[in-house]
Every structure is written in structure tokens, then in C-alpha cells.
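Colleague: Dropping the structure in here first, questions after.
No lab work stands behind these numbers, since they all come straight from the coordinates. Given the structure is predicted, the values throughout are model-derived calculations rather than measurements. Ideal geometry is used to build each Cβ from the backbone, glycine not excepted, and the neighbour counts take in all protein chains shown.
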Amino acid sequence: MPDFTYEALARTGAKSTGTLTANSEREAALILDGRGLFPLKINLAKNQAASAGGFFAGVSGRQVATMYAQLADLLHSGVPLLRSLELLERQSTNKLLQSVLRDVRARVADGTGLAQSMAAHPKVFNELAVSMVRAGQEGGFLEDVLKRIAAFVEHQEDLKSKVVGAMAYPVFLALAGAGVVAVLMVFFVPKFEPIFEKLKEKDQMPDITSLLLDVSHFIQGYWWLVLLAVGGAALAFRWWSRTPDGRMLLDRIKIRLPLFGPVFMGLALSRFCRILGTMLHNGIPLLKSLTIAKDSTGNKLLSASIEKAAENVTAGQKLADPLRKSGHFPNDLVEMITIAEEANTLEKVLVDVADGLDKRTARNLELMVKLLEPLMLLCMAAVVGTIAVALLMPVFKLSNTLD
């Protein structure tokens with residue numbers, strides 16, 4: 001049984017804190033009541049959450065997808081929800097997921113809905129999954145929704161693996177190039193400085209060589225400041241990218257980048273079309289489906305456009321019209337949605353469109369990697385070549401002086 005920390009008031013008014021073991025928060029509150037204490041706060045013990053899998057513990061997307069699929073199979077076989085959650089908790093090999101399922105089961109046992117119980121763990125169950133589960137509970141097709149969430153998460157993990165695999169070599173080239181330049185600037189360039197003393201005395205040192213030596217001196221003397229500046233810039237960028245304005249601007253830039261833009265756009269639109277088609281297939285009304293699907297894009301700019309489109313749909317317009325006016329959706333996608341709305345086959349067409357977008361995105365990703373690799377090599381060659389030229393120019397000057 002899990003441990004809970006609590007703050008409570010005694011009948012005398014004195015505040016009391018401590019830890020107790022119970023199956024759920026409700027049972028913990030009953031235990032405190034039996035002790036004559038009025039509970040103020042009851043939380044799962046932090047040390048227990050930390051011990052759920054160690055410092056680097058986490059739950060992978062594939063593990064969550066497997067959990068969704070197994071839960072759907074258990075419910076479809078007639079196993080009650082609480083019993084199903086208990087079975088999943090027992091057989092889970094991930095300690096963190098096991099702890100999360102234990103808490104979800106305890107909340108459900110207290111009368112909280114499954115979706116609301118899952119929402120208490122946003123690092124494991126994202127907002128999209130919670131919204132779909134809530135819609136499945138309300139519509140009476142929870143098993144089907146869980147299966148579709150499992151398939152969606154598996155699909156996203158496959159795409160993620162493809163992206164990571166494709167980007168592995170360009171990232172390696174970038175890191176290798178940075179390492180080569182750092183070694184040259186710290187260990188190789190300073191060895192040439194004594195050779196150039198005569199040119200320094202005569203004030204005949206080429207500007208590019210002087211700049212190279214100054215940069216080398218700075219890196220040697222203030223390498224810690226360089227690392228601090230890079231780390232600080234990374235943290236500042238991370239903070240800015242999480243602000244509403246920063247996230248909106250960043251998402252706008254992402255879909256307009258050369259090479260990368262079509263990939264980001266394809267992934268976002270594929271997720272949106274697949275989720276919207278799934279919701280409509282399960283009988284959820286268009287407006288509610290749009291509310292759930294808009295966050296699946298992972299792009300605030302597109303989500304805002306979809307939200308505005310939902311407002312226009314409320315006023316009686318077709319979905320395709322406001323999407324076209326936003327200017328952020330490809331014309332071919334809008335045309336297919338227009339035809340599907342007229343033929344009343346929107347849910348089927350959207351899933352087919354998602355499959356087509358996935359294939360197109362895979363081709364764009366392959367093309368991007370093919371172009372990125374020689375581009376990285378050219379950048380490395382340009383930097384190393386600049387260093388070589390800066391070092392050779394004084395040598396040529398010295399040889400001319402000797403002649």
C-alpha cells in the first residue's frame with residue numbers, strides 16, 4: 001500500500017503532520033478521522049514517488065501504448081475497471097507506471113472518473129489522451145477509444161524513431177565538427193603564435209590571423225565563460241519557448257523553415273486529421289471533436305486556427321471555409337475536406353489524408369536528411385578552411401620576406 005503525508009488539525013486546534021499507509025486518499029482521511037484529526041492536506045509521499053524507478057525513471061510512449069491496449073482488451077472481455085487497473089498495476093515492469101496506476105486505481109475507487117484520475121499524472125497521460133478517454137466514457141465506447149489511443153501512440157512512436165534515426169548522422173557531424181574546431185582553437189592554433197612574432201613587431205599580421213589568435217586566447221582563458229554563456233542562453237531560450245508568446249512565435253517559425261518546415265507541418269497535420277477522424281468515427285459531434293483534436297497538432301499557431309474554425313462552425317459554416325481563410329493549411333488538404341463534407345465521408349477521408357501525409361512527411365524527411373548531410377560537411381569544410389587560410393597567410397608573408 002502507498003504511503004501518504006498529511007497535515008491535520010487536532011480538536012485542540014494544534015497542527016499535526018506525519019505519514020501513514022493507506023490504499024487511497026479517502027482511506028487515509030478516514031484513518032485520520034478515527035484518530036480525532038481533521039485533515040488539511042493529504043499527498044502521496046515524495047520519497048515513494050522518487051523510489052518508483054530511480055533518478056532517471058520514466059515511462060516510454062510504447063509502455064503507455066501497451067497499457068492502453070491491455071486495458072481496452074480487459075474491459076472488452078468484461079473485466080471491471082478497478083480489477084483491470086489492479087491487474088495492469090501488478091504486471092507492470094516499470095516502477096513509475098506501477099505507482100501511477102496504483103494512484104489512478106485509488107482515485108477511481110474513491111469515485112473519481114478515469115479521465116480525471118489520469119489527468120492527475122500529466123507526465124504519463126497527456127491532455128489529448130485524457131480528453132479522448134473522457135469522451136469515450138461519456139459516449140459509452142471507452143474500449144474503442146483506448147484501442148485507438150494505443151494505435152495512435154504506437155504510430156507516433158514509430159514516427160519519432162524514424163526522425164531520431166534520420167537525424168542521428170547530421171547531429172553526429174555537427175558534434176564532431178564542433179569538437180574538431182575546439183581542438184584546433186585550443187591546441188593547434190597557439191603553436192603557430194611564436195612563428196608570427198616578427199610579423200607582429202612589424203605590424204604586418206593579417207587581420208584574419210589576428211582575429212583567429214584573439215579568439216583562441218579567449219577560448220583558452222575564458223572557456224568556462226563560453227560554457228556558462230551557452231548554458232545560460234539554452235536555459236533562457238527554454239524559458240522563453242514555454243511562454244505563450246514565445247511558443248506561438250516558435251511554432252510559426254518552425255512550419256516556415258526551409259527543409260524542416262514541411263516535416264513539422266506534415267507531422268502536425270497528420271496528428272490532427274487522424275485524431276479528428278477517429279473522434280468523428282466514434283460518433284462524437286464535430287465541435288467537440290475539434291476541441292479535442294486541436295491540441296493534437298503540437299503547434300499553437302495551428303491550434304489557434306482550428307479553434308477559430310470551431311467558432312465559425314458554431315455559426316453554421318463548413319469546416320473547410322475557416323481553415324482555408326486561416327492561410328496555414330495546404331490547399332490540397334482543404335479541398336479534400338471540402339469534398340468529404342459534401343459527400344458526408346469526413347471521418348474516413350481524414351484518416352486517409354493522415355496516412356497520405358505520413359508518407360509525404362517520410363519522403364520530406366528523407367530529402368531533408370540527404371540535403372542536410374552535405375550542408376553540414378560544407379559548413380565544417382568552410383570553418384576548417386578559414387582556420388587553415390588564417391594560419392597560412394602569415395607563413396606566405398614570412399617566406400616572401402625571407403626571399
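Colleague: 222 nm [θ] for the chain, helices only, -39500 (n - 2.57) per DSSP H run of 4+, per residue, to 500?
Modeller: Counting only the DSSP helices, I get -24000 deg cm²/dmol.
Colleague: Which shape class applies to segment 288-399: rounded if a/c is under 1.5, otherwise prolate when a/b exceeds b/c and oblate if not, where a ≥ b ≥ c are the square roots of the Cα gyration tensor eigenvalues?
Modeller: Because a/c hits 1.5 or more and a/b exceeds b/c, segment 288-399 counts as prolate.
Colleague: 5 Å is the cut-off here: which amide hydrogens, built 1.01 Å from N in the peptide plane, fall below it relative to Met205, excluding neighbours closer than 5 in sequence?
Modeller: Distant-sequence amide H within range of Met205: zero hits.
Colleague: Counting other beta carbons within 10 Å of each residue's own, what order do Val230, Val186, Val130 fall into, fewest first?
Modeller: Final ranking by Cβ density, sparse to dense: Val230, Val186, Val130.
Colleague: Taking the chain as a Gaussian network, Cα atoms linked when under 10 Å apart, which of Val215, Val351, Val171 shows the biggest mean-square fluctuation?
Modeller: Its mean-square fluctuation being the largest, the pick is Val215.
Colleague: Taking amide H positions as placed in the peptide plane 1.01 Å from N, state which residues far from Leu40 in sequence (5 or more) or on other chains have amide H under 5 Å from it.
Modeller: Glu7, Ala8, Leu9
Colleague: Now for a separate question. Could you list Lys147, Lys202 in order of exposure, starting from the residue whose Cβ has the fewest other Cβ atoms within 10 Å?
Modeller: Ordered from fewest to most neighbouring Cβ atoms within 10 Å, Lys147, Lys202 come out as Lys202, Lys147.
Colleague: Then there is this: Quick one: Met380, Met185, fewest Cβ neighbours within 10 Å first, how do they rank?
Modeller: By the 10 Å Cβ count, ascending, the order reads Met380, Met185.
Colleague: Another one. Among the helices of the chain (complete DSSP H runs), which have Cα atoms covering no less than 24 Å along the helix axis and a Kyte-Doolittle mean of at least 1.0? Intermediate values should be presented prior to the final figure.
Modeller: Values: long enough: 142-183 (58 Å, 0.80); 223-241 (27 Å, 1.26); 260-281 (32 Å, 1.09); 346-402 (81 Å, 0.97).
Membrane-span-like by this criterion, though nothing is claimed about a membrane: 223-241, 260-281.
Colleague: When only C-alpha pairs under 8 Å and at least 6 residues apart count, what is the relative contact order of the chain, in percent?
Modeller: Dividing the mean separation by the residue count of the chain yields 13 percent.
Colleague: Another question, if that's okay. With percent of Cα pairs over 36 Å apart defined as stated, name the option among [x] 22; [y] 33; [z] 49 computed from the structure displayed.
Modeller: [z]
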